[in-house]
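The values are calculated or read from the model by the stated rules, or taken from the named source; none is laboratory data. Keep in mind it's a predicted model, so treat the numbers as computed, not measured. Cβ coordinates were reconstructed from backbone atoms using ideal geometry, including for glycine residues, and neighbour counts include every protein chain displayed. We work out accessible area using only protein heavy atoms, side chains counted, and drop any ligands, DNA or RNA first. Shrake-Rupley method; radii C 1.70, N 1.55, O 1.52, S 1.80 Å.
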Amino acid sequence: MKHCKFRFLGKQGGAMLEFAVVLPLLTIMSFGAADFGRLFMETAIVANASGAGAIYAARSTKEASDLAGAEAAVLANVNGLQSVTPDVTKLCDCPGSPGAWVSCGSTCAGYGLPRIYIRSKANKSFDTIGFYPGIPNQVGIDISTWLRVQ
């Protein structure tokens, strides 16, 4: 019985030492997980806002010319997120040469009026809570949504 009593002497505090060593690592990992969650949430909000601007402008050819209204639709859907920059543009191309942008008032040879597209972009800069080695402190969120109007 006397032998069991002295078996654990000198081993007290080992768990506390291990906890003291692991605690900073767990704290950094917790902040990293929170930052990743914030980045994911803000990216989803910016993507939703970009889509709202494209949907507004792609409803008809009349709304496709109302780029200020489409940018207002982007800003109306950011759910209180600060520093979101909208950029909505109207682009036209001919079926024979896709991606070669032409004037929207022109006509395409053998086709007629060009196809009209709306590109709605929303940009935001995301800043992390703290500094993490090997990970940038600032990340740009840049989401583009394309829709064909006509």
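Of all residues in the stretch 28-85, those satisfying the criterion of being part of a loop (DSSP other than H, G, I, E, B) and either of a type in the set (Lys, Arg) or within 30 Å of PRO133 (Cβ to Cβ) (or both) are ARG59, LEU81, GLN82, SER83, VAL84. Output the number of the condition that VAL46 fails; it satisfies all remaining conditions of (1) more than 30 Å from PRO24 (Cβ to Cβ); (2) surrounded by fewer than 16 Cβ atoms within 10 Å (Cβ to Cβ); (3) in contact (Cβ under 8 Å) with a residue 60 or more places away in the chain. Only one criterion is unmet by VAL46, namely (2).
Evaluating SER83 against the criteria (1) open to solvent by less than 70 Å² (accessible area, probe 1.4 Å); (2) in contact (Cβ under 8 Å) with a residue 40 or more places away in the chain leaves one unmet condition, (1).
Look at (1) part of a helix (DSSP H, G or I); (2) more than 23 Å from the chain's Cα centre (by Cα) and you find that GLN150 fails only one, number (1). Of the numbered criteria (1) crowded, with 17+ Cβ neighbours inside 10 Å; (2) over 24 Å from the mean Cα position of the chain (by Cα), the one SER65 fails is (1). Count of the stretch 96-114 residues, restricted to those that are open to solvent by less than 50 Å² (accessible area, probe 1.4 Å) and in a loop (DSSP other than H, G, I, E, B), is 3.
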